[in-house]
1. Filter segment 1-58 down to residues that are closer than 24 Å to ILE101 by Cα and open to solvent by 70 Å² or more (accessible area, probe 1.4 Å), then give me how many there are.
2. Scan segment 74-116 residue by residue and report those that are within 15 Å of LEU31 (Cα to Cα), touching a helix residue (DSSP H, G or I) at 6+ places or on another chain (Cβ under 9 Å) and at pLDDT below 75.
Amino acid sequence: GYICERKDLLVNGCCNVNVPSTKLYSCDSCLPNGCCSVYEYCVSCCLQPSKQHLLERFLNRAAIAFQNLFMAVEDHFELCLAKCRTSSQSVQHENTYRDPIAKYCYGEYPPELLPV
């Protein structure tokens, strides 16, 4: 759930939490609907403990519809990684983002469709 600058990454790929600029559960580029303009912020925001219930509800509903994608998920982090990736729920007409700026979504509902 930490966000940091590349120079503050440790050799194990994790953020150095002792650096003042490292943030935990940052939603800096995210909208209230759970869609973000930066993938890493989407994952960080999604990892907030308060979001776990929302994600569990999603998993229960998605068990059948997205069985192949979400059955491999083993923990909250992996679920957020998968949920924040752009998917067919983020696009309209198969080739246009519903929200071209905030296209990484962990929220319960996809972004609103843009007017045609």
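1. Looking only at that region, the number is 10.
2. Once the filter is applied, which keeps residues that are within 15 Å of LEU31 (Cα to Cα), touching a helix residue (DSSP H, G or I) at 6+ places or on another chain (Cβ under 9 Å) and at pLDDT below 75, segment 74-116 yields TYR109, PRO110, PRO111.
The values are calculated or read from the model by the stated rules, or taken from the named source; none is laboratory data. Bear in mind the structure is a predicted one, so any value in this text is a computation, not a measurement. A quick note on method: Cβ atoms are made from the backbone with ideal geometry, for glycine too, and the neighbour counts reach across all protein chains shown. Heavy atoms of the whole protein, side chains included, go into the accessibility calculation; ligands, DNA and RNA do not. Shrake-Rupley method; radii C 1.70, N 1.55, O 1.52, S 1.80 Å.
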